[in-house]
Amino acid sequence: MKETEKKGNATSRRNFVKQSAVAAAAFTIVPRFVLGKGFRAPSDTLYIASVGIGGKGNSDIKAFVASGKAKSAFLCDVDQDYASKVFNMYPDAKRYVDWREMFDKEHKNFDAVHIATPDHTHAVVGSAAMQLGKHTWIQKPMAHDVYEARMLANMGKKYKVQTQMGNQGSSSDGVRQMSEWYDAGIIGDVTDVYCFTDRPVWPQGDHQANTPNGLKWPKETATPPSTLNWDLWQGTAPGKAYPIGQDQPGGIKVLPFNWRGWWDYGTGVLGDMGAHILHGPMTVLGLQYVSSVQTSVGGGGSLETGPSNSYTILHFPKSPKTNGPVKVHWMDGGILPPRPEELDPSELWGTRPMYSDGGMLFVGTKGKMVAGCYAARARLLPVSRMDEVNVPEKYARVKGGTEGHYAQWVEACLAGYGNMETSSPFEKAALLTEAMLMCNLAIRGANVPKAADPAAPAAADNFGRSRLVYPARYVNLNYDAANMKVTNVPEVNQFVKREYRAPWKLSGI
């Protein structure tokens with residue numbers, strides 16, 4: 001980035017840095033914005049504060065630093081033991097347990113915020129960061145529920161900060177190649193896309209369950225480790241006592257990874273893999289808001305936890321890039337779409353290495369195209385067509401492709417708001433996130449019973465046994481996107497916007 005250094009200022013750059021050093025004592029950081037408009041920051045470096053560093057946050061930080069233009073300046077995690085390895089990797093970074101304290105004390109000393117906490121705290125941390133005018137990175141999914149995604153969608157523009165969701169596939173060559181094939185009419189009109197993954201690989205439903213009938217939260221409690229702030233980790237979620245561990249009958253292990261299967265904290269399989277796989281069809285076909293959704297779910301799902309597998313169909317209206325409505329079929333837990341007849345007979349379908357972690361299949365009127373997770377290894381079917389088709393490059397590639405997703409955000413932050421585009425800014429990421437969360441709304445809604453009518457007798461089966469009625473099962477849930485509500489089964493609208501535990505709230509909306 002080229003800037004012109006001002007001359008004749010009453011306070012010289014050298015004196016400013018010296019004064020800042022005295023004020024900061026042993027810990028010195030001079031972020032880019034502190035020097036003011038027209039001044040270049042030391043080394044033109046982006047100073048990042050990271051919230052949630054023990055898991056995915058660790059690899060994120062490594063990738064930011066590897067760009068050569070970012071410094072991990074502040075590290076925050078509620079689990080000091082799990083985060084210790086990262087603390088040791090960046091000994092100069094100042095450490096915090098509570099991100100609110102870090103923001104309050106240090107907001108003048110960093111340029112950007114990186115968030116890799118569990119899903120239920122993404123939006124509260126992210127909105128607070130943007131309100132402070134900080135460039136913001138949020139790991140996928142950017143939000144836990146639809147309302148949060150809508151609120152975050154335009155905050156980057158409102159506060160003039162660069163944003164990026166951590167779905168690396170949005171920077172891949174594959175999604176750009178498929179967009180070029182589709183735009184050129186190579187596969188014709190597309191009405192159906194199949195997306196699939198082998199997840200979950202954590203306890204969920206009756207997969208790796210802690211009871212014979214599925215995953216249950218233990219009634220017995222335990223004392224949290226002294227290195228973990230359990231209340232702060234729960235954040236916006238309903239407060240619960242720390243559960244007994246797997247060393248006891250019926251116990252569970254929530255941290256550091258298995259929170260994904262619990263609806264209070266995670267967003268299930270969609271939250272883990274949806275952004276990496278649904279991004280392909282939404283980008284290639286220009287899909288916007290869902291119009292309706294229907295699902296069937298596998299074993300063990302409940303109001304507490306996701307099922308072991310599911311098959312959900314998202315209905316999208318005609319987009320500027322399609323000739324009519326489109327159905328996107330989401331399949332998880334090992335469910336696969338029919339094997340394309342164009343595949344070589346010797347090729348395995350839907351498994352590694354071609355489809356590591358999942359994939360996508362576009363069915364067009366003139367042909368098909370397929371790719372793995374992140375839109376990797378994109379190809380036409382049959383593969384022989386690859387030798388026949390020569391479509392000119394239309395969409396600029398991201399330097400480094402999928403792995404370049406991190407450096408792209410760093411560069412965009414250094415360039416400043418409005419001077420460079422990222423692959424997954426929040427206004428785009430919000431559409432993708434909402435589609436993922438509408439899948440979840442249907443999956444969760446399958447276990448919501450109809451509200452009881454005191455004037456009506458209880459429903460009964462052929463043997464006279466009372467039974468619950470589940471109105472969201474076996475129907476299309478019609479979605480009014482403008483008003484963020486399902487119109488024909490109101491019982492599921494509770495998942496559009498959840499209630500936060502006090503004192504948590506979104507900031508700056």
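Which numbered condition in (1) surrounded by fewer than 20 Cβ atoms within 10 Å (Cβ to Cβ); (2) over 22 Å from the mean Cα position of the chain (by Cα); (3) under 29 Å from Glu421 (Cβ atoms) is the only one that Gly133 fails?
For Gly133, the failing item is (2).
Could you count how many residues in segment 475-498 are free of Cβ contacts under 8 Å to residues at least 12 places away in the same chain and within 16 Å of Arg444 (Cα to Cα)?
Within segment 475-498, the first condition is being free of Cβ contacts under 8 Å to residues at least 12 places away in the same chain, and the residues that meet it are 480, 482-483, 485, 487, 490, 493.
Filter once more, so that each one left must be within 16 Å of Arg444 (Cα to Cα): 485, 490, 493.
Result for segment 475-498: 3.
Out of curiosity, is Val193 at pLDDT 95 or above and open to solvent by 30 Å² or more (accessible area, probe 1.4 Å)?
Answer is no for this residue.
Pick out the one residue from Pro249, Pro225, Pro212, Pro256 that is open to solvent by 20 Å² or more (accessible area, probe 1.4 Å) and at pLDDT below 95.
Working: Pro249 fails: at pLDDT below 95; Pro225 fails: at pLDDT below 95; Pro256 fails: at pLDDT below 95.
Residue meeting the stated conditions: Pro212.
Does segment 373-389 include one or more residues that are touching a Leu at 6+ places or on another chain (Cβ under 9 Å), over 29 Å from Asp145 (Cβ atoms) and assigned to a strand (DSSP E or B)?
Yes, because at least one residue in segment 373-389 is touching a Leu at 6+ places or on another chain (Cβ under 9 Å), over 29 Å from Asp145 (Cβ atoms) and assigned to a strand (DSSP E or B).
Restricting attention to segment 464-494, which residues are under 26 Å from the mean Cα position of the chain (by Cα) and either among the small types (Gly, Ala, Ser) or open to solvent by less than 30 Å² (accessible area, probe 1.4 Å) (or both)?
Once the filter is applied, which keeps residues that are under 26 Å from the mean Cα position of the chain (by Cα) and either among the small types (Gly, Ala, Ser) or open to solvent by less than 30 Å² (accessible area, probe 1.4 Å) (or both), segment 464-494 yields Ala472, Leu477, Tyr479, Ala481, Ala482, Val486, Val492.
Which ones in segment 250-295 are over 22 Å from Thr322 (Cβ atoms) and free of Cβ contacts under 8 Å to residues at least 60 places away in the same chain?
If the condition is that a residue be over 22 Å from Thr322 (Cβ atoms) and free of Cβ contacts under 8 Å to residues at least 60 places away in the same chain, then Gly250, Gly251, Ile252, Lys253, Val254, Asn258, Trp262 are the ones that fit.
For segment 363-388, which residues satisfy the criterion of being in contact with a helix residue (DSSP H, G or I) (Cβ under 7 Å, 6 or more places away or on another chain) and over 30 Å from Trp137 (Cα atoms)?
Gly367, Met369, Arg379, Leu380
Output the residue which, of all residues in segment 150-182 that are outside any helix (DSSP H, G or I) and over 18 Å from the mean Cα position of the chain (by Cα), is surrounded by the most Cβ atoms within 10 Å (Cβ to Cβ).
Our first condition is that a residue be outside any helix (DSSP H, G or I); within segment 150-182, this holds for 154, 160-167, 172.
With the extra rule that they be over 18 Å from the mean Cα position of the chain (by Cα), the set shrinks to 160-161.
Numbers: Lys160: 12, Val161: 25.
Only one residue fits best here, namely Val161.
In segment 259-291, what count of residues is obtained for those that are open to solvent by less than 10 Å² (accessible area, probe 1.4 Å), on the phi < 0 side of the Ramachandran plot and of a type in the set (Gly, Ala, Ser)?
Counting residues in segment 259-291 that are open to solvent by less than 10 Å² (accessible area, probe 1.4 Å), on the phi < 0 side of the Ramachandran plot and of a type in the set (Gly, Ala, Ser) gives 6.
How many residues does segment 309-335 hold that are under 22 Å from Gly367 (Cβ atoms), surrounded by 15 or more Cβ atoms within 10 Å (Cβ to Cβ) and of a type outside the set (Lys, Arg)?
7
If a residue must be of a type in the set (A, V, I, L, M), under 11 Å from Met438 (Cβ atoms) and outside any loop (DSSP other than H, G, I, E, B), how many such residues does segment 473-493 contain? Give the steps one after another, and end with the answer.
We begin by selecting, within segment 473-493, every residue of a type in the set (A, V, I, L, M); these are 475, 477, 481-482, 484, 486, 489, 492.
From the residues that got through so far, the ones that are under 11 Å from Met438 (Cβ atoms) too are 477, 481, 484, 486, 492.
Right, trim to outside any loop (DSSP other than H, G, I, E, B) and you get 477, 481, 486, 492.
Count: 4.
Tell me whether segment 336-357 contains one or more residues that are modelled with pLDDT of 95 or more, open to solvent by 20 Å² or more (accessible area, probe 1.4 Å) and in a strand (DSSP E or B).
no
Hey, among the residues in segment 399-452 that are charged (D, E, K, R) and under 13 Å from the mean Cα position of the chain (by Cα), which one's least open to solvent (accessible area, probe 1.4 Å)? Walk me through it before giving the result.
To start, the set of residues in segment 399-452 that are charged (D, E, K, R) comprises 399, 403, 411, 421, 427-428, 434, 444, 450.
From the residues that got through so far, the ones that are under 13 Å from the mean Cα position of the chain (by Cα) too are 428, 434.
On the way: Lys428: 116, Glu434: 7 Å².
Applying the filter and picking the extreme gives Glu434.
Yes or no: Tyr147 in a helix (DSSP H, G or I) and farther than 19 Å from Leu431 by Cα?
Details: in a helix (DSSP H, G or I): yes; farther than 19 Å from Leu431 by Cα: no.
No; evaluated as a whole, the condition is false for this residue.
The values are calculated or read from the model by the stated rules, or taken from the named source; none is laboratory data. The model shown is predicted, which means the values in this text are computed figures rather than measured ones. Please note: Cβ atoms are built from the backbone with ideal geometry, for glycine as well, and neighbour counts cover all protein chains shown. Areas reflect the complete protein model, heavy atoms only, side chains present, ligands, DNA and RNA absent. Shrake-Rupley method; radii C 1.70, N 1.55, O 1.52, S 1.80 Å.
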